[in-house]
Amino acid sequence: MEEFHKVRRLPPYVFEQVNRLKASARAGGADIIDLGMGNPDLPTPKSVVDKLCEVVQDPRTHRYSSSKGIPGLRRAQAGYYARRFGVKLNPDTQVVATLGSKEGFANMAQAITAPGDVVLCPNPTYPIHAFGFLMTGGVIRSISVEPDDTFFPPLERAIRHSIPKPIALIINYPSNPTAHVATLDFYREVVAFAKKHDIVILSDLAYSEIYFDDMPPPSVLEVPGAMDITVEFTSMSKTFSMPGWRMGFAVGNERLIAALTRVKSYLDYGAFTPIQVAATHALNGDGSDIAEVRNIYKRRRDVLVESFGKAGWDVPPPAATMFAWAKIPEKFRHLGSLEFSKLLVEKADIAVAPGIGFGEQGDDYIRIALVENEHRIRQAARSLKKFLSTADDTLHNVISLNAHR
């Protein structure tokens, strides 16, 4: 049967090919070290779990919740922005709780996009940034991901040559997958550019607290005037190791937040109230839980960079996020990221995320997630070293058959 219109607009989900291969290998008894999906393995802080268990005992919390987020949760998020970024938010009009930042992005696309609207989107980037708009009938125009002087000339060309004129610019720093971090000076230029061309900024700040060099990433909302045109999305998934809890936020411009809130009111009743109360408890904490998570990822990053480097794969140390973004070793680069990822599962018992899954500009790269402990990362490095040292003798036929460019 013919696929439905919106489904046809979506590109193939390339990660599923690696996932199937991984599942098949595990079914055959292989010990696959999974560095693919950014699915935190760390436990949610005990105090947050205890608060959930306490609140869930009250039957009144079992009823429908608030799609917008309970007032205490929205106040807690506003408090976090005030402490962390010096940004003042009205919790009643400038904050809405989301079911993770992914849902927030998708429903913001629903709220602001008409069929044929053009959106400027990084490439490579987290898939929902593009897919959310594609599913609403929007058109994606790819832009550079480097937060430097190379960012703006292509942006100017995109504005001049896009018909109709773009309605929004998506930015994502610290970036998933590239781990680039933006400066406040860069954000000032972005805001000036967006105001000049009358376009909206949608900022994904999901990794605001996972940084490693004592340089906390800024928020674009710190720029004077950014609130006029910007909505920023954050998530508790990585910061508090709460991925399955599905708790995130959109904050910023009142008109845009109102549009998102209205769309969500038709689609969901919000997260389970005990989850919202527990999330409030986490946001109102002293920050020690966040610091512990950050230190664990930093140690894993250092082990990954050192051990993979000794194995023969140079992995640049990311300044932030829970990912490393590494070029495929040169002898395998002609394969592309999907085929190389498959080889790592088959020959080295390592699962990673192929860069092509984040956009065609990522096809020379692999994203490696820091979601295994240090022992397992070193184990992966030993398997990688064996694979790389024997590849010339064992893979000449495989490489020839699978080469795609």
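Summary table below
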| quantity | calculated |
| --- | --- |
| Ranked order, K102, K238 - accessible area, probe 1.4 Å, largest first | K102, K238 |
| Between helix 273-283 and the chain: long-axis angle, C-alpha atoms, 0 to 90°, nearest 10 | 80 |
| Cα point-scatterer Debye curve for segment 1-160, base-10 log of I(q)/I(0) at q = 0.16 Å⁻¹ | -1.27 |
| Cut-off 13 Å (backbone N to label point 7 Å along Cα→Cβ of D364), residues of segment 320-336 | 326-336 |
| Calculated diffusion of segment 1-56, Stokes-Einstein form, Kirkwood radius summed over Cα pairs, 10 °C and 1.306 mPa s, µm²/s | 103 |
| Rounded percent of accessible protein surface that carbon and sulfur make up, the chain, 1.4 Å probe | 53 |
| Dimensionless Rg over Rh [segment 235-385; C-alpha; Kirkwood] | 1.07 |
| Listed residues K68, K310, K331 arranged by accessible area, highest first, probe 1.4 Å | K310, K331, K68 |
| Magnitude of the charge dipole, segment 172-330, Cβ model with Lys/Arg +1 and Asp/Glu -1, debye to 20 | 380 |
| In range of the label at T390: residues from segment 316-349 whose backbone nitrogen is under 19 Å from the point 7 Å along Cα→Cβ | 332, 340-349 |
| Selection from G138, H180, A326, by position along the positive dipole direction of the chain (Cβ) | G138 |
| Gap separating the Cα centres of segment 49-79 and segment 93-120, nearest whole Å | 23 |
| Too-long pairs where the Cα-Cα distance tops 23 Å, listed order kept, from K310/K386; K196/K264; K102/K264; K22/K386 | K196/K264 |
| Shape category assigned to segment 179-311 from the gyration tensor of Cα positions, a/c cut at 1.5 | oblate |
| Options L35, V305, Y365, ranked by Cα towards positive dipole end of the chain, top entry (Cβ charges) | L35 |
| Cα Rg over Rh - segment 110-149, Kirkwood | 1.01 |
| Total charge dipole magnitude, segment 237-391, about the Cα centre, Cβ charges on Lys, Arg, Asp, Glu only, Debye to nearest 20 | 240 |
| Average accessible area per residue (Å²) across the chain - probe 1.4 Å, nucleic acids and ligands excluded | 44 |
| Per principal axis, descending, Cα span of segment 87-189 in whole Å | 38, 33, 24 |
| With Cα atoms, 0 to 90° folded angle of helix 71-85 axis to the chain main axis | 70 |
| Overall dimensions of segment 206-279 as given by Cα atoms, namely Rg and Dmax in Å | 14.3, 42 |
| Spin-label model distance (nm) - R382 vs D148, 7 Å beyond Cα toward Cβ | 3.9 |
| Computed E for H161/R9 - FRET, C-beta separation, R0 30 angstrom, nearest 0.05 | 0.85 |
| C-alpha long axis of helix 374-394 to longest principal axis of the chain, angle in ° | 40 |
| Descending principal axes extents, the chain, alpha-carbon based, whole Å | 64, 55, 51 |
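The values are calculated or read from the model by the stated rules, or taken from the named source; none is laboratory data. All figures in this text were calculated on a predicted structure; none of them were measured in a lab. We place every Cβ from the backbone using ideal geometry, glycine too, and count neighbours over all the protein chains shown. The accessibility values were calculated without ligands, DNA or RNA, using every heavy atom of the protein model including side chains. Shrake-Rupley method; radii C 1.70, N 1.55, O 1.52, S 1.80 Å.
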